[in-house]
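Visitor: Sharing a structure here in structure tokens format.
The values are calculated or read from the model by the stated rules, or taken from the named source; none is laboratory data. This one's a predicted model, so the numbers in the text were calculated from it and none came from an experiment. Quick reminder, even Gly has a Cβ in these numbers, built from the backbone with ideal geometry, and neighbours come from all protein chains shown. Protein only, heavy atoms only, side chains kept; ligands, DNA and RNA dropped before computing areas. Shrake-Rupley method; radii C 1.70, N 1.55, O 1.52, S 1.80 Å.
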Amino acid sequence: MLARSRTVAPPGWSRWLVPPAALSIHLAIGQAYAWSVFKPPLESALGLSGTASALPFQVAIVMLGLSAAFGGTLVERNGPRWAMAVSAVCFSSGFLVAALGAATRQYWLVVLGYGFIGGVGLGIGYISPVSTLIKWFPDRPGMATGIAIMGFGGGALIASPWSAGLLDTFGRGTPGIARTFLVMGAAYAVFMTLGVLLVRVPPDGHPPDGRTADGRTADGPRPLAATARVSAHRALRTPQFWCLWVVLCTNVTAGIGILEKAAPMITDFFAGTSSSVGAAAAAGFVGMLSLANMLGRIVWSSASDLAGRKNAYRLYLGAGALMYLVIALAGDASKAVFISCAAVILSFYGGGFATVPAYLKDLFGTYQVGAIHGRLLTAWSTAGILGPLIVNAVADAGKSAGRSGADLYTTSFFVMIGLLTVGFVANELVRPVHPRHHEPPPPEEEPAAVPEKGAAP
């Protein structure tokens, strides 16, 4: 049932059924972005610091990148249904192990379950539909991957209020946290199974639905897939891959630093002012950032189909640095300015994730784009450590020094500006991949010899 050969689409299958299958996985694993809702209850119940309570999230992001890197080739070989099934089992069982850890007050089990086991589910689930979507939509790769990856950004939009509601119902002590993990794990198992059953791969040698032999679609002509054929092994030897690695790492670090600390950050930022923020409003802020993250993935990635991938990243990195500068200088003077700038940064964060598969396709072709994408996500693993570490360490040090409010975060914001500047420079260095890195085309794709002028046909 999980074999790739059992998932080939029959004649007449609509390619528009594939994005919903991908969404069912990404909306579930996108719960990771709502982790900040669990930070205050865990810190209170188990006596953890802000840095310690970030550990399950950090481990999950590290495992996401590592499992995507090492599992990318397996995903390409075994197909999306196998990958989605593995993701569903790991992600859901991770919640169950975390529930056991909370119930027994063994924090290392929370880290093992949510971080390690669940993180494997995150990585395999994240890359599982990407190459499939690009093959179904070679005419609109940015839009196609944006639709699916939008779900990962929007997962917290559902999970944040849902988690807060479950904690309010069950309680914010360790028994309530355990029950919340248990319910969420069971619900996500059911939801992710729908995507496992629905996903299909395009038949070999057949153009996608809605596309004619001349490369046109019902919506008019679109750019065809890149002609480059670069293997994952060769891609690692190109400067383009490592420039994109730096671009993704810096963009993710800048966004994830806010996202992981979102709920306590807005509470700290306006503590002691006339516009203080309570727990419910902080959870709402997390949900709003998730909405910005989600919309950025579809809006900016679709725009990149028209404006180009390099121009899109110029916007993400350049304007993102400007938004951080505004927050750092404005401080706690205006809640509207803080929220607006944070939302823009998170929209660029999401747009960067959704645009990078199409960027990879443009540079390396569709030959092993899923495996290349998986290896590139090690940048996310690095950023998953750097972003929370920078923000939490600076905030913890500030509290020890007696600082409060916006002063807890100003230094980390200037660090993010520096990182985004480095990413901007790396993006400017990206050039087309040299043909020496290309794989030879399959025999059936070899161009026919053109007769010399005057030669017999």
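Visitor: Given H placed 1.01 Å from N in the peptide plane, which residues other than close sequence neighbours of residue 201 have an amide H under 5 Å from its amide H?
Guide: Under 5 Å from the amide H of residue 201: 8, 9.
Visitor: Name the residues of the range 351-390 whose amide N is less than 15 Å from a point 7 angstrom out from the Cα of residue 307 along the C-beta direction?
Guide: Output list for this probe position: 351-356, 359.
Visitor: Over the chain, what relative contact order in percent results from Cα pairs under 8 Å that are six or more residues apart?
Guide: 25
Visitor: A further question on this structure: How large is the charge dipole for the range 4-198, taken about the Cα centre, if only the Cβ atoms of Lys, Arg (+1) and Asp, Glu (-1) carry charge, to the nearest 20 debye?
Guide: 340
Visitor: Let me ask something else. Say R0 is 35 Å: what FRET efficiency, to the nearest 0.05, do residue 236 and residue 414 get from their beta-carbon distance?
Guide: 0.60
Visitor: How would you rank 268-278, 52-62, highest first, on the average number of other Cβ atoms within 10 Å across their residues?
Guide: Ranking, from highest mean packing down: 52-62, 268-278.
Visitor: Follow-up. Kindly state, to the nearest 0.05, the FRET efficiency for residue 315 paired with residue 104, given R0 = 45 Å and r defined as their beta-carbon distance.
Guide: 0.40
Visitor: Mind checking which lysines have their C-alpha under 17 Å from residue 135, skipping anything on the same chain fewer than 8 residues away?
Guide: Candidates past the 8-residue exclusion: 361.
Visitor: Please report the relative contact order for the range 232-433, taking Cα pairs under 8 Å with a sequence separation of at least 6, and give it as a percent rounded to a whole number.
Guide: 42
Visitor: Something else: Could you compute the FRET efficiency for residue 5 and residue 49, with r as their C-beta to C-beta distance and R0 at 45 Å, rounded to 0.05?
Guide: Efficiency for this residue pair is about 0.35.
Visitor: Moving to a separate point now. Compute the helix-to-body angle for 141-170: its Cα long axis versus the longest principal axis of the chain, expressed 0 to 90° and rounded to tens.
Guide: The two axes meet at around 20 degrees.
Visitor: Taking all protein chains in place and a 1.4 Å probe, what share, in percent, of the accessible surface of the range 4-198 do carbon and sulfur account for?
Guide: 73
Visitor: Then there's this: For the pair residue 336/residue 399, report the inter-label distance in nm, with labels modelled 7 Å from Cα in the Cβ direction.
Guide: 3.2
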